[in-house]
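Presented below is the structure to which this report refers.
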Amino acid sequence: MTAANATRTAHRRRPPAPVPGDRELSRLELLLRLRQNPLTIWRQRHFREPIVAGEGIFGYGVVLSDPVAIRHVLVENAANYRKDDLQRTILAPGLGEGLLTAEGEAWKRARRTLAPLFTPRAVTALARRMEGPAEAAARRMARRRPGRVVDIAQDMTRVTYDILAETMFSNAIAGGADAFGKALTRYFETQGKIDPLDILGAPAWLPRLGRWMARPAVAFFETQVTAIIAERQMLRAQRPVASGGPDLLDALLDARDPETGTGLSEAEVGANVITFIGAGHETTANALTWSLYLLSQAPEIREALEVEVDAAGEDLAAAALSGNGLALTRAVIEEAMRLYPPVPSLSRTALADDAVGGRCFIPKGALVVISPYLLHRHETLWSEPDRFRPERFLPGARETIERYAYLPFGAGPRICIGQQFAMVEATIVLAALVRSLRFEHAGEEPAPVHHVTLRPRQGMPMRVISRKGKRQEA
Ligand code: HEM
């Protein structure tokens, strides 16, 4: 069966998602849902209407799912919109003045300086470092006890972390990779929940429980990152070129603003190391977790994928980079990110009144929400929006997708700097896993929850089965 035929027959089930109601929510309901799972605030009309505006909990707000209006806000008039304070308050404590949370001139300078780290050429060099951890993950999962149910969301978090550790520090983590990884997990578990105090606009000095609980983890990896940088600088003084070639930390230390020639301060290097890990680790892990879940529900697609991966040969990095050999692998990841975008919501504050190309009027101070989750399931933009149909993203069909209807990586000047890195990484990992393993979902249907990223609420319990037919051991 061809990839396209296989995918056409494979959309019998509706992948799990909250079913939107049509009743408007009270302020209290909205507050509770925002805290528990912001995906549940969307009403049926949000999936039907291109623009929904009105007074909300945060003052006047506009929810945009109209591609023309989105292009206007994120690209054409991007200078009129800044990341909103809520998004910054939630992210800033851990990510410091890294690229993700910086604004204004500081952001412009940082983006100029960091852009060369993620060019296609730079990603090609880093892709070689991704294969090892991806294959190690497949071997680790293959060694598990037959029939044992494991949370593969944790496995995906581990492999994306291992890949970042390898591409960023050549895996030379001073205090041990395990302790660092654990601190990171603790940080994500405690950080990032929307706190009622944030919604009420309480001053930043009032302690928020989640962030207070995350403090030891943040302090731990800040200290670790400082130690790693100090150690690297010492090594570079002795031996300027590392044996395995430069990694991302070398690139950060060497980075220069093309306009002024200045490099990054030590604090900026540290903040960006933490930012790359924070922004690049859970996001990619979630894209992989949902891809494996969706494949477990679509045997025809899984079989077609196995055929593709088997034909791709040993050099997965080369196949992932060439964009030819692993087209279905990539399409599965893109379709998984359509249904479960790792960053389910983007928000901005308008700095001045704006008439959005005759589409709507956005007053100064309004909150503008662009939700990839909503957009990617919008009834006016997608056929069978709730079905898993990776063929939408196969070459030939992919080009017909409206650019601003699909935004897993955002758009405009603040588009994800790690987009190519993430796509190559996810393709290599998915191919490495599918080459030797099958995944069988075990337990209740997973519930997607928006908690910084879009993850399954109770993890993703699965049985890992060898493709040779033998159940594997934990
Ligand atoms: C599947 C994986 C990923 C997804 C879905 C994703 C998604 C996003 C999105 C939607 C934004 C824009 C946020 C906004 O406009 O408000 C963003 C920004 C960013 N991402 Fe990613 N990301 C991923 C992987 C990565 C990786 C691997 C890295 C780094 C190694 C990274 C680093 C960043 C940084 C630094 C920014 C801020 C860019 C700026 O503001 O100039 N991301 N990401």
### Task
Report yes if residue 440 is acidic (Asp, Glu) and in contact with a strand residue (DSSP E or B) (Cβ under 8 Å, 6 or more places away or on another chain), otherwise no.
yes
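Identify the residue in region 100-129 that is in a helix (DSSP H, G or I) and at pLDDT below 90 and, among all such residues, is surrounded by the most Cβ atoms within 10 Å (Cβ to Cβ). Don't jump to the end; show me each part of the working.
Filtering region 100-129 down to residues in a helix (DSSP H, G or I) leaves 104-118, 120-129.
If we keep only those that are at pLDDT below 90 as well, we get 104, 106.
Details: 104: 8, 106: 13.
Taking the candidates together, the pick is 106.
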### Task
May I ask you to list the residues in region 130-152 that are acidic (Asp, Glu) and in a helix (DSSP H, G or I)?
131, 135
### Task
Kindly indicate whether residue 280 is of a type in the set (Gly, Ala, Ser) and within 15 Å of the ligand (Cβ to nearest atom).
yes
### Task
Scan region 313-327 for residues that are of a type outside the set (Gly, Ala, Ser) and either under 19 Å from residue 129 (Cα atoms) or crowded, with 22+ Cβ neighbours inside 10 Å (or both) and jot them down.
314, 315, 316, 321, 326
### Query
Under the condition of being away from the ligand (no atom under 16 Å from the Cβ) and in a strand (DSSP E or B), which residue from region 355-378 is surrounded by the most Cβ atoms within 10 Å (Cβ to Cβ)?
362
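Report, by residue number, each residue of region 256-277 that is closer than 23 Å to residue 161 by Cα, of a type in the set (A, V, I, L, M, F, W, C) and in contact with a Leu (Cβ under 8 Å, 6 or more places away or on another chain).
Of all residues in region 256-277, those closer than 23 Å to residue 161 by Cα come to 266-277.
Still in the list and also of a type in the set (A, V, I, L, M, F, W, C): 267, 269, 271, 273-274, 276-277.
Of everything in region 256-277, those that are closer than 23 Å to residue 161 by Cα, of a type in the set (A, V, I, L, M, F, W, C) and in contact with a Leu (Cβ under 8 Å, 6 or more places away or on another chain) turn out to be 269, 271, 273, 274, 276, 277.
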### Message
Go through region 407-425 and report how many residues are more than 6 Å from the ligand (Cβ to nearest atom) and assigned to a helix (DSSP H, G or I).
### Response
7
### Query
Which condition does residue 405 not pass, out of (1) within 30 Å of residue 314 (Cβ to Cβ); (2) modelled with pLDDT of 95 or more, if it passes all the others?
(1)
### Summary
Over region 36-58, the set of residues within 16 Å of residue 24 (Cβ to Cβ) and polar (S, T, N, Q) is 40, 44
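In this structure, is residue 384 away from the ligand (no atom under 16 Å from the Cβ) and either part of a loop (DSSP other than H, G, I, E, B) or surrounded by fewer than 19 Cβ atoms within 10 Å (Cβ to Cβ) (or both)? Before the answer, list the steps.
Values: away from the ligand (no atom under 16 Å from the Cβ): yes; either part of a loop (DSSP other than H, G, I, E, B) or surrounded by fewer than 19 Cβ atoms within 10 Å (Cβ to Cβ) (or both): yes.
Yes, satisfied.
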### Query
When you go through (1) under 14 Å from the mean Cα position of the chain (by Cα); (2) over 27 Å from residue 57 (Cβ atoms); (3) of a type outside the set (Phe, Trp, Tyr) one by one for residue 346, which number turns out not to apply?
(2)
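So, of the residues in region 56-99 that are part of a strand (DSSP E or B) and at pLDDT below 90, which turns out to be nearest to residue 115 (Cα to Cα)?
Per the stated criteria, the residue is 83.
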### Message
Please go through region 326-354 and give me each residue that is out of contact with any helix residue (DSSP H, G or I) (no Cβ under 6 Å at 6 or more places or on another chain), within 11 Å of the ligand (Cβ to nearest atom) and part of a strand (DSSP E or B), ordered by number.
### Response
346, 348
### Message
For the list (1) free of Cβ contacts under 8 Å to residues at least 40 places away in the same chain; (2) touching a helix residue (DSSP H, G or I) at 6+ places or on another chain (Cβ under 9 Å), I need the number of the one condition that residue 305 fails.
### Response
(1)
### Query
Going by the structure shown, is residue 453 of a type outside the set (A, V, I, L, M, F, W, C) and either farther than 28 Å from residue 129 by Cβ or away from the ligand (no atom under 12 Å from the Cβ) (or both)?
no
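Is it the case that residue 319 is in a helix (DSSP H, G or I), closer than 30 Å to residue 455 by Cβ and within 15 Å of the ligand (Cβ to nearest atom)? Break it down into steps so the answer makes sense when it comes.
Details: in a helix (DSSP H, G or I): yes; closer than 30 Å to residue 455 by Cβ: yes; within 15 Å of the ligand (Cβ to nearest atom): no.
The answer is no for residue 319.
If the requirement is being part of a helix (DSSP H, G or I), more than 24 Å from residue 458 (Cβ to Cβ), within 15 Å of the ligand (Cβ to nearest atom) and not basic (Lys, Arg), which of these qualifies: 286, 272?
Details: 286 fails: more than 24 Å from residue 458 (Cβ to Cβ).
Just one listed residue meets the conditions, 272.
The values are calculated or read from the model by the stated rules, or taken from the named source; none is laboratory data. Owing to the predicted nature of the structure, the values given are computational and were not obtained by experimental measurement. For neighbour counting, all protein chains shown are included, and Cβ atoms are generated from backbone atoms with ideal geometry for every residue, glycine included.
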